[in-house]
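K.L.:
This structure is in structure tokens; I'll ask about it shortly.
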Amino acid sequence: MRLHLLALKPTDSVTEGFLPAAARLGLTVTLLTDQPTAHRRAYERHTAHGGAPLPALDVVPCDVGDYREVIDRIAALGRPDAVFTNSDHLQTQAALAAAYFGLRGKDWRATYNAKNKAQLRRVLAAAGLDTVRSAELAPDDDPAALAATDLPFPCVLKPREGVASEDVVLVGSASELVGRCREIRARRPGAALVAEEYLDGELHTLETLGDGSTLHTVAAFRTELSPLPYFTEERCHLLPAPPQPHSAQVVAQLEALGVGLGACHTEYVAQGDRARIIEVNYRAVGDHSDLALAELLGVPLFEDILRTHLGERLPARPGAPAGARVRMEYVRAERGGTLKAAPGASDTERDGVRLVYRPLRALGEEHPLHHSNRDFLGALWATGTDDDRMDRAVADFLASRRWEIG
């Protein structure tokens, strides 16, 4: 069986998760990407460092952001058994391609509803499930128009199709809102923006997996963020079980959006007994939380996700073992510059705590400060059964390593 996988830049979710899973399922893979050289180098490094076996793999250049180019290239290559992507930016393209060739895939309307944050608010409000005051700024609109809306302050400004909390900021007044719009427009010419009511409360995620018939709740995390006005993830803690009634409310909202196939990572705020969705990422949770979760659950998570796109029904899988804990910690750059020193990958176990560290930025890379997940230098995850031991292990690891930006 052949899988066509769409990707932009290489990610560990694909290299360490989905491609080895495809190999274990006996799939051959055609990877369509606009960055073929970067992918070939990533897979060479993976193999050289003893990573899990990869499938028979063809890397094919393609403008994957254009669904017409994707369909044309697939037609030339030959009809596959599935079209899949784990990219936020390519879900609609993959959905349209799968539909064109009569393959199992996500509903393109659902991928659009999830990606377009203004449309997400409209759909949930029309369904009577949640109403968040918001205003959309089209690419050619004057930012001053937002000052005339009835938005409450503080409010959150974000790109309509943004990811990774990039250019997401809390603003306290109409004048600041207009100024921030102009700053973002300077970095993102032609971007549509959304300003919406600030939803205060503890931030959670719900990880779901659907096979087109049943939407399974897989896990939930509690997320800690950087100080406002930005919204960068600092750490995540796996919850013992998806909390109720929040999880049922989130599932109802996902079903209203059309989410039902494959993995979905949803961020929401818990306000008492009410779940208020922040955003829906219609793909697997990222930044190594997917790899940590698959390891802890002890189930073929990446294979299960691919199976849904091959038309298979999924059994209900057990949740995390009783008492098991996961803590994700992200090392972030605090200023822009070139990464001069950083620890390499490591995997250790001591006193019942397993620590896995993976670099997310190579030595010598230069980046500005984004105030987002783009600032991550590395991901550290701890697994065990004792929170205090895990916290000490994480603190000791961070204190004994050095990250230097010059």
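K.L.:
How high is the FRET efficiency from residue 144 to residue 199, r the C-beta distance, R0 30 Å, rounded to 0.05?
P.N.:
Plugging the Cβ-Cβ distance into 1/(1 + (r/R0)^6) gives 0.75.
K.L.:
Counting pairs of alpha carbon atoms under 8 Å apart in space and at least six apart in sequence, what relative contact order in percent does the chain give?
P.N.:
Rounded, it is 13 percent for the chain.
K.L.:
What number of lysine-lysine pairs in the chain show an alpha-carbon separation below 20 angstrom, given a sequence spacing of 8 or more or placement on distinct chains?
P.N.:
The number of close lysine pairs in the chain is 5.
K.L.:
Can I ask one more? Treating the beta-carbon of each Lys and Arg as +1 and of each Asp and Glu as -1, no other charges, what is the dipole magnitude of the chain about its Cα centre, to the nearest 20 debye?
P.N.:
620
K.L.:
What percent does the relative contact order of the range 180-314 come to when contacts are Cα pairs within less than 8 Å and at least six residues apart?
P.N.:
24
K.L.:
Same structure, new question: Once label points are set 7 Å from the Cα along Cα→Cβ at both residue 310 and residue 60, what is their separation, rounded to one decimal in nm?
P.N.:
That separation, rounded to one decimal, is 1.9 nm.
K.L.:
Shape call for the range 182-258 from the C-alpha gyration tensor, a ≥ b ≥ c root eigenvalues: rounded (a/c under 1.5), prolate (a/b greater than b/c) or oblate?
P.N.:
oblate
K.L.:
Report, in whole Å, the centroid distance computed from the Cα atoms of the range 317-396 and the range 124-152.
P.N.:
When both Cα centres are located, 37 Å separates them.
K.L.:
Run lengths n ≥ 4 of DSSP H only: what is the helix-derived mean residue ellipticity at 222 nm for the chain, with -39500 (n - 2.57) per run over all residues, to the nearest 500?
P.N.:
Using -39500 (n - 2.57) per qualifying helix, the result is -8500 deg cm²/dmol.
K.L.:
How would you classify the chain from its alpha-carbon gyration tensor, with a ≥ b ≥ c the square roots of the eigenvalues: rounded for a/c under 1.5, else prolate if a/b is greater than b/c, otherwise oblate?
P.N.:
Taking the square roots of the gyration eigenvalues as a ≥ b ≥ c, the chain is rounded.
K.L.:
Which of the three applies to the range 219-368, rounded, prolate or oblate, going by the alpha-carbon gyration tensor with a ≥ b ≥ c and a/c under 1.5 meaning rounded?
P.N.:
prolate
K.L.:
Turning to a different aspect of this structure: Taking only C-alpha pairs under 8 Å that are 6+ residues apart, what is the relative contact order of the range 2-105 in percent?
P.N.:
33
K.L.:
Which of 48, 61, 27 sits closest to the plus end of the dipole of the range 26-73, meaning its Cα is farthest towards the positive end, when Lys and Arg get +1 and Asp and Glu get -1 on the C-beta?
P.N.:
Toward the positive end, the furthest listed residue is 48.
A short reminder: the numbers here are calculations on the coordinates, not readings from a lab. The structure displayed is predicted, hence computed values, not measured ones. With ideal geometry, Cβ positions are generated from the backbone for all residues, glycine too; neighbour counts draw on all protein chains shown.
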